[in-house]
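K.L.:
Before I ask anything, let me first share the structure, which is written out below as structure tokens.
The values are calculated or read from the model by the stated rules, or taken from the named source; none is laboratory data. No experiment lies behind these values; they were computed from the predicted model shown. Reconstructed Cβ throughout: ideal geometry from the backbone, glycine too, with neighbour counts over all protein chains shown.
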Number of protein chains: 2
Amino acid sequence: MKSYTLEPVGFIRSSVKGRGDAPRQGAEGAPDAWLEIEPRFADALLGMKVGNELIVITWLDEAKRDVLKNHPRSDETRPLTGVFYSRSPARPNPLGLHPVTVREIDGTRLKIRPIEVFDGTPVIDIKSASTRADD
Amino acid sequence: MKSYTLEPVGFIRSSVKGRGDAPRQGAEGAPDAWLEIEPRFADALLGMKVGNELIVITWLDEAKRDVLKNHPRSDETRPLTGVFYSRSPARPNPLGLHPVTVREIDGTRLKIRPIEVFDGTPVIDIKSASTRADD
């Protein structure tokens with residue numbers, strides 16, 4: 001089987017250090033976080049502005065990769081659901097998708113919200129949220 | 001630098017074999033395509049239904065990984081833009097995001113549309129399009 005190698009383009013810096021700190025209400029209650037881009041990718045930020053809407057793609061390095069179905073939101077009253085029709089972090093390639101807004105820019109650091117991931121989570125890609133926002 | 005290994009969970013089968021076949025109008029003009037899930041991930045499809053809205057994440061294996069800024073849509077009248085604020089396929093980790101609807105299900109094959117990628121493109125993740133669609 002073919003495989004592909006990813007390198008982080010940056011990391012999330014957040015006050016959420018572990019499960020005990022995770023906001024109870026999901027992303028709505030998430031604090032601001034900083035996305036620190038690796039300096040060698042600085043040119044990929046050209047044109048970035050406060051207010052831009054982005055999709056940040058993370059690598060959820062603490063997620064289980066051998067889970068193919070589970071109870072959504074760990075609620076056992078919900079039927080078992082395949083991870084390809086859920087947003088569970090557990091999945092063969094543990095990618096997280098996070099729509100965020102840029103709140104502040106400081107060199108190669110972007111303050112973004114909302115994002116509900118642990119401090120140190122690797123970021124593997126960043127895109128405009130709009131398929132037309134490249135103008 | 002840390003790195004992570006991805007394995008394809010499936011592949012796109014499409015009549016779009018190369019650049020000459022790509023629809024001129026973007027995804028709106030894209031044909032239906034089949035997403036063939038690898039049989040060992042079949043359980044991750046539990047609960048999948050025709051009409052479901054998904055986000056398919058592809059690995060754009062023909063994209064350049066050393067491009068950090070370019071002219072959006074290859075239009076040189078547009079200013080150079082960092083790839084982290086565009087939807088260019090060229091980027092350090094060449095992930096593609098595709099919102100699609102399931103049109104038909106045949107075993108571990110999903111007919112989906114619209115999706116504008118070449119035949120054989122690896123799929124690395126599939127999620128519900130809604131953060132609440134796991135019910």
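K.L.:
For the subset of the stretch A:7-32 comprising residues that are among the hydrophobic types (A, V, I, L, M, F, W, C) and modelled with pLDDT of 95 or more, which member is farthest from the chain's Cα centre (by Cα)? Steps first, please.
P.N.:
Going residue by residue through the stretch A:7-32, those that are among the hydrophobic types (A, V, I, L, M, F, W, C) are A:9, A:11-12, A:16, A:22, A:27, A:30.
The next check asks that each one be modelled with pLDDT of 95 or more; those that pass are A:9, A:11-12.
On the way: A:VAL9: 12, A:PHE11: 10, A:ILE12: 8 Å.
Here the answer is A:VAL9.
K.L.:
Out of all the residues in the stretch A:34-51, which are touching a residue at least 60 places away in the same chain (Cβ under 8 Å), among the hydrophobic types (A, V, I, L, M, F, W, C) and not in a helix (DSSP H, G or I)?
P.N.:
Matches in the stretch A:34-51: A:TRP34, A:LEU35, A:ILE37, A:MET48.
K.L.:
Next question, about the same structure. Does the stretch A:61-76 contain any residue that is in contact (Cβ under 8 Å) with a residue 40 or more places away in the chain and either in a strand (DSSP E or B) or crowded, with 17+ Cβ neighbours inside 10 Å (or both)? Spell out how you get there, then give the answer.
P.N.:
Within the stretch A:61-76, the subset in contact (Cβ under 8 Å) with a residue 40 or more places away in the chain is A:61-62.
Next, only the ones that are either in a strand (DSSP E or B) or crowded, with 17+ Cβ neighbours inside 10 Å (or both) stay: none.
No, the stretch A:61-76 has no match at all.
K.L.:
Out of curiosity, is A:LEU54 part of a strand (DSSP E or B), among the hydrophobic types (A, V, I, L, M, F, W, C), closer than 25 Å to B:ILE37 by Cα and at the interface with another protein chain (Cβ under 9 Å from one of its Cβ atoms)? Steps first, answer last, please.
P.N.:
Numbers: part of a strand (DSSP E or B): yes; among the hydrophobic types (A, V, I, L, M, F, W, C): yes; closer than 25 Å to B:ILE37 by Cα: no; at the interface with another protein chain (Cβ under 9 Å from one of its Cβ atoms): yes.
No; evaluated as a whole, the condition is false for this residue.
K.L.:
Considering every residue within the stretch A:81-95, establish whether at least one is over 20 Å from B:GLU53 (Cα atoms), more than 7 Å from chain B (Cβ to nearest Cβ) and part of a loop (DSSP other than H, G, I, E, B).
P.N.:
No; the residues of the stretch A:81-95 include none that is over 20 Å from B:GLU53 (Cα atoms), more than 7 Å from chain B (Cβ to nearest Cβ) and part of a loop (DSSP other than H, G, I, E, B).
K.L.:
Given (1) touching a helix residue (DSSP H, G or I) at 6+ places or on another chain (Cβ under 8 Å); (2) facing chain A (nearest Cβ under 8 Å); (3) surrounded by 20 or more Cβ atoms within 10 Å (Cβ to Cβ); (4) not hydroxyl-bearing (Ser, Thr, Tyr), identify the lone condition not met by B:ILE124.
P.N.:
(1)
K.L.:
Among the residues of the stretch A:114-129, which ones are of a type outside the set (Val, Ile, Thr), at pLDDT 95 or above and in contact with a Pro (Cβ under 8 Å, 6 or more places away or on another chain)?
P.N.:
A:PRO122, A:ASP125
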